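Novice: The structure is given below, and queries will be raised subsequently.
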Amino acid sequence: DAGVIQSPRHEVTEMGQEVTLRCKPISGHNSLFWYRQTMMRGLELLIYFNNNVPIDDSGMPEDRFSAKMPNASFSTLKIQPSEPRDSAVYFCASSLLGNRNGYTFGSGTRLTVV
Amino acid sequence: TQLLEQSPQFLSIQEGENLTVYCNSSSVFSSLQWYRQEPGEGPVLLVTVVTGGEVKKLKRLTFQFGDARKDSSLHITAAQPGDTGLYLCAGARDAGNMLTFGGGTRLMVKP
C-alpha cells in the first residue's frame, strides 16, 4: 500500500483565493481525520469521518472551512476564502475503527497564504 | 490548555545520553499511543499501550503507561542522531477512535 496520499505537498496562494486539499486514505481504513499543525498550537483535529460520515467537525475554525468525503477513497478540505492565518501544515490520517488502532498520516500539505 | 501535557517541550542532548520524556493528564485514557514525527513528514506510530502499568520496549525505546492510565513516559537509552524528531503522545478516552494529541517534545541528538 502506498500509504495515505495527500496533494499538493506545497501550496502558496493569495489571500481570498479558494484552496482545496486532497487526501486518499489507505484502502480498507474506515476512519479519516484532518489535522492542522502549527508551531504555536501543535496538532489540532479539524474534522473526522467514520464510514464516510462526518462525526465531529467542532475543530473546524469557521465557516470558511469545509470538508467532504464522497467515497471511501477520497476526501477534500476546502478553505474559501483563504486568509494568512490559515498558513499551516495540514495532515490527513486514516485508521481502522477502534481506539487501539494507530493512525497512518500522510506527508501533509504545507499551505502558505500571502 | 492541552488535555495531554508533554514535558519537556524541547530537549537537546549529546549522542549516547539517556533521556525520558513525559506525557501527563488529569484524565483517564483507555489507551495511549506514541508517535515520532520527522521534518517534512507526518507522525509515525511507535507504540500503543492499553493496560495500566504496561511497559513496552522497542529496541532502545521503553514506553510505560501509568498505573492509573493518566500518564505515560518514553525513555530512550543511548540516544542516537537518528532519534531526532518530534515525539507526540496521543490518548483515546472512550471506545471510539478519536485521539487527543499532546503538544509534543522536540528532541535533538547531536553527534
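Novice: Condition (residue is within 18 Å of residue B:43 (Cβ to Cβ) and either basic (Lys, Arg) or under 12 Å from the mean Cα position of the chain (by Cα) (or both)) applied to the range A:60-67: is it met by at least one residue?
Specialist: Of the range A:60-67, the ones within 18 Å of residue B:43 (Cβ to Cβ) are none.
The answer is no, given that none of the residues of the range A:60-67 is within 18 Å of residue B:43 (Cβ to Cβ) and either basic (Lys, Arg) or under 12 Å from the mean Cα position of the chain (by Cα) (or both).
Novice: Continuing with this model, one more query. Are there any pairs, at least 6 apart or on different chains, whose C-beta atoms fall under 7 Å, with the first in the range B:35-51 and touching a residue at least 60 places away in the same chain (Cβ under 8 Å) and more than 7 Å from every other protein chain (Cβ to nearest Cβ) and the second of a type in the set (Phe, Trp, Tyr) and surrounded by 18 or more Cβ atoms within 10 Å (Cβ to Cβ), and if so, which?
Specialist: No pair meets every condition.
Novice: List the strands (runs of 3 or more DSSP E) inside the range B:39-111, counting only whole elements, that have at least 3 residues being among the hydrophobic types (A, V, I, L, M, F, W, C). Write out each step before concluding.
Specialist: Working: elements: B:44-49, B:55-58, B:61-65, B:71-76, B:85-92, B:99-101, B:105-110.
Counting at least 3 such residues, we get B:44-49, B:61-65, B:85-92, B:105-110.
Novice: So, one more: Tell me, yes or no, whether the range A:49-64 has at least one residue that is touching a Pro at 6+ places or on another chain (Cβ under 9 Å), more than 18 Å from residue B:101 (Cα to Cα) and surrounded by 14 or more Cβ atoms within 10 Å (Cβ to Cβ).
Specialist: Checked against the condition, which is being touching a Pro at 6+ places or on another chain (Cβ under 9 Å), more than 18 Å from residue B:101 (Cα to Cα) and surrounded by 14 or more Cβ atoms within 10 Å (Cβ to Cβ), the range A:49-64 yields at least one hit.
Novice: Only residues that are touching a residue at least 12 places away in the same chain (Cβ under 8 Å) and within 13 Å of chain A (Cβ to nearest Cβ): list them for the range B:98-111, please. I'd like the intermediate steps shown before the answer.
Specialist: Taking the range B:98-111 as the starting set, the residues that turn out to be touching a residue at least 12 places away in the same chain (Cβ under 8 Å) are B:99-111.
If the condition is that a residue be touching a residue at least 12 places away in the same chain (Cβ under 8 Å) and within 13 Å of chain A (Cβ to nearest Cβ), then B:99, B:100, B:101, B:102, B:103, B:104, B:105, B:106 are the ones that fit.
Novice: I would also like to ask the following. Scan (1) surrounded by fewer than 19 Cβ atoms within 10 Å (Cβ to Cβ); (2) part of a strand (DSSP E or B); (3) out of contact with any Lys or Arg (no Cβ under 9 Å at 6 or more places or on another chain) for the single condition residue B:13 breaks and write down its number.
Specialist: Evaluating residue B:13 over (1) surrounded by fewer than 19 Cβ atoms within 10 Å (Cβ to Cβ); (2) part of a strand (DSSP E or B); (3) out of contact with any Lys or Arg (no Cβ under 9 Å at 6 or more places or on another chain) leaves (3) as the failure.
Novice: Select from the range B:55-97 the residues that are farther than 23 Å from residue B:13 by Cβ and buried (at least 18 other Cβ atoms within 10 Å of the Cβ) and write down the one among them that is nearest to the other protein chains (Cβ to nearest Cβ). Quick ask: steps written out before the conclusion?
Specialist: Residues of the range B:55-97 that are farther than 23 Å from residue B:13 by Cβ, as a first pass: B:65-70, B:90-97.
Filter once more, so that each one left must be buried (at least 18 other Cβ atoms within 10 Å of the Cβ): B:65-66, B:69-70, B:90-92, B:97.
On the way: B:65: 12, B:66: 17, B:69: 12, B:70: 16, B:90: 8, B:91: 9, B:92: 3, B:97: 5 Å.
Only one residue fits best here, namely B:92.
Novice: Can you tell me which residue within the range A:18-43, out of those that are away from every other protein chain (no Cβ under 14 Å) and not in a strand (DSSP E or B), is nearest to residue A:66 (Cα to Cα)?
Specialist: Checking each candidate, the answer is A:18.
Novice: Of these, A:8, A:25, which one is touching a residue at least 60 places away in the same chain (Cβ under 8 Å) and buried (at least 17 other Cβ atoms within 10 Å of the Cβ)? Full working, then the answer.
Specialist: Values: A:8 fails: buried (at least 17 other Cβ atoms within 10 Å of the Cβ).
So the residue among A:8, A:25 that is touching a residue at least 60 places away in the same chain (Cβ under 8 Å) and buried (at least 17 other Cβ atoms within 10 Å of the Cβ) is A:25.
Novice: The conditions are (1) under 26 Å from residue A:38 (Cβ atoms); (2) buried (at least 18 other Cβ atoms within 10 Å of the Cβ); (3) out of contact with any Leu (no Cβ under 6 Å at 6 or more places or on another chain), and residue B:104 fails exactly one of them. Which is it?
Specialist: It fails just one condition, (3).
Novice: Being over 14 Å from residue A:46 (Cβ atoms) and in a strand (DSSP E or B) is the filter; apply it to the range A:91-102 and report the residue that is farthest from the other protein chains (Cβ to nearest Cβ). Walk me through how you get there before you give the answer.
Specialist: Our first condition is that a residue be over 14 Å from residue A:46 (Cβ atoms); within the range A:91-102, this holds for A:94-102.
After this cut, where a residue has to be in a strand (DSSP E or B) as well, the list is A:94-95.
Numbers: A:94: 11, A:95: 6 Å.
Checked the range A:91-102; the qualifying residue farthest from the other protein chains (Cβ to nearest Cβ) is A:94.
Novice: Sticking with this structure for a sec: Of these, A:105, A:65, which one is modelled with pLDDT of 95 or more and at the interface with chain B (Cβ under 8 Å from one of its Cβ atoms)?
Specialist: The conditions single out A:105.
The values are calculated or read from the model by the stated rules, or taken from the named source; none is laboratory data. Treat the numbers as computed from the prediction; the structure is a model and nothing was measured. We place every Cβ from the backbone using ideal geometry, glycine too, and count neighbours over all the protein chains shown.
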